[in-house]
1. In the stretch 1-82, what GluC sites (Glu not before Pro) fall in a loop by DSSP, with at most 11 other Cβ atoms inside 10 Å?
2. If amide H atoms are built 1.01 Å from N in the plane of the peptide, which residues on other chains or at least 5 residues away come under 5 Å of the amide H of Glu9?
3. Pull out a ≥ b ≥ c, the square roots of the eigenvalues of the alpha-carbon gyration tensor of the stretch 269-411, then state rounded if a/c is under 1.5, prolate if not and a/b is larger than b/c, and oblate in the remaining case.
4. Please list 3J(HN,Hα) in residue order for the stretch 91-103, calculated via the Karplus relation 6.51 cos²θ - 1.76 cosθ + 1.60 where θ = phi - 60°; whole Hz, with x for glycine and proline.
5. For Leu379 and Arg166 in one chain, what is 0.36 nm times their gap in residues minus the Cα-Cα distance, to one decimal in nm?
6. Using a ≥ b ≥ c from the Cα gyration tensor of the stretch 236-327 (square roots of the eigenvalues), is it rounded, prolate or oblate, where a/c under 1.5 gives rounded and otherwise the larger of a/b and b/c decides, a/b for prolate?
7. Would the stretch 342-386 count as rounded, prolate or oblate if I go by the C-alpha gyration tensor, calling it rounded below 1.5 in a/c and otherwise prolate when a/b exceeds b/c, oblate otherwise?
Amino acid sequence: MEEFGKLEERVVLVGVQTDDHDNVEESLDELKELASTAGAVTVGRIIQNRESVHPGTYIGKGKIEEVRALVYAMDATGIICDDELSPAQLNNLERELDCKVMDRTLLILDIFAARAITSEGKIQVELAQLRYRSARLVGLRESLSRLGGGIGTRGPGEKKLETDRRLIRTRISALKQELSQVEKHRELIRSSRARGNMKTAAIVGYTNAGKSTLLNTLTGSEVLSEDKLFATLDPTTRLLNLKDGQQILLTDTVGFIHKLPHHLVEAFKSTLEEAKYADYIIHVVDSSNPQAEMQMHVVYETLKELGVMGKKIITLFNKQDAPGACVLRDFKSDYTLKVSAKTGEGLADLNDLLEKLLAEEQIYVERLFPYQEAGKIQLIREYGQLISEEYTEEGIAVKARVPKEIYARVV
């Protein structure tokens with residue numbers, strides 16, 4: 001994996017509070033964590049209260065002077081704005097401040113560029129980068145030439161900055177074609193799962209809520225799990241064998257975040273749609289995070305945007321072993337459990353719940369199959385759960401659970 005930040009960048013965070021209900025301080029705390037993940041050191045922050053962001057410069061003229069003075073005093077190399085900047089805002093701030101100007105979207109894209117491992121992840125990141133950069137090409141050229149690297153210059157999209165917009169459009173078109181091939185492959189995998197009547201559960205949640213740790217603990221897999229934002233990008237599917245012999249596929253998805261850039265939602269749609277096609281949603285919440293309720297809201301808003309509706313949701317209030325873990329409520333979920341993916345606390349209850357949910361989708365069968373109908377038992381083995389079989393003179397005595405879809409074929 002690419003290492004972040006060989007060039008140490010010192011940044012000032014800038015936010016605009018437009019609503020009394022917005023907590024920009026908390027949003028800047030998260031922005032600071034994002035900056036740290038990307039290898040930058042935060043040396044100051046400034047918040048302006050306004051009815052709306054300034055259409056030309058994001059912040060007002062007086063605040064620009066304040067930011068300029070702070071950048072100079074702290075020997076900062078640039079600023080990071082907490083919202084996505086328009087091309088005009090980016091260019092005007094560059095000109096006014098004479099330093100590198102970045103926004104939340106560029107920062108997240110930069111982290112994604114270093115985190116992407118699979119070819120699909122790299123295609124998705126490059127596509128998002130190019131869409132973002134094509135509109136901001138001139139401003140970014142000036143900014144990057146000033147510092148010669150750092151945040152915003154990593155990943156597969158960096159070499160395309162030298163090309164004009166026509167070439168970028170050509171590259172975007174080529175990437176879309178590549179991505180459509182990947183999506184077709186993913187669709188084939190989904191349809192083969194559907195034919196096998198294998199139920200799936202998508203693990204979703206705010207970034208760093210503990211999704212990958214949960215997958216690792218439940219299935220014994222070794223998906224990268226770190227105490228960092230966006231430690232894993234690429235979806236990973238693993239088979240979970242439940243205690244009663246039933247099986248379910250678990251898919252870890254990319255973490256959600258406040259103000260998730262639209263470019264990323266678009267580019268990662270095929271990945272995020274794993275949740276759309278899953279039978280169940282396992283929503284992992286970091287119950288030790290003071291912003292847990294806001295994070296839950298962000299997850300549900302993102303699921304709504306993706307069209308993930310009408311599925312049974314299991315909310316896991318994770319990190320019960322951590323200091324500050326609190327008891328929360330989730331009125332949008334069907335089931336809630338208190339767990340610690342790290343220690344295993346509460347995971348037996350999750351196992352029992354998944355067994356119960358899968359059993360509800362099946363019909364209990366207890367009958368004697370004549371030997372000439374032994375092929376039906378193979379159907380049960382393939383699609384259902386064979387509890388017991390006993391060979392007698394009259395035939396094979398079977399106790400089993402079978403999916404509703406194939407019940408008519410085995411009785």
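None of the figures in this text is laboratory data; all of them are computed from the coordinates on show. On a predicted model such as this, the values are computed, not experimentally measured, just so you know. All Cβ positions, even for glycine, are placed from backbone atoms using ideal geometry, and neighbour counts span all protein chains on display.
1. Answer in residue order: Glu2, Glu3, Glu8, Glu51.
2. Excluding prolines and chain starts, which carry no amide H, the hits are Val41.
3. Values: a/c = 4.03, a/b = 2.23, b/c = 1.80.
Prolate shape, in that a/c is at least 1.5 and a/b is the bigger ratio.
4. Listing the rounded values in order: 5, 5, 5, 4, 5, 5, 9, 6, 8, 5, 10, 10, 10 Hz.
5. On the way: separation 213, 0.36 × 213 = 76.68 nm, distance 5.57 nm.
Difference between extended and current length: 71.1 nm.
6. oblate
7. Details: a/c = 4.34, a/b = 3.04, b/c = 1.43.
Prolate shape, in that a/c is at least 1.5 and a/b is the bigger ratio.
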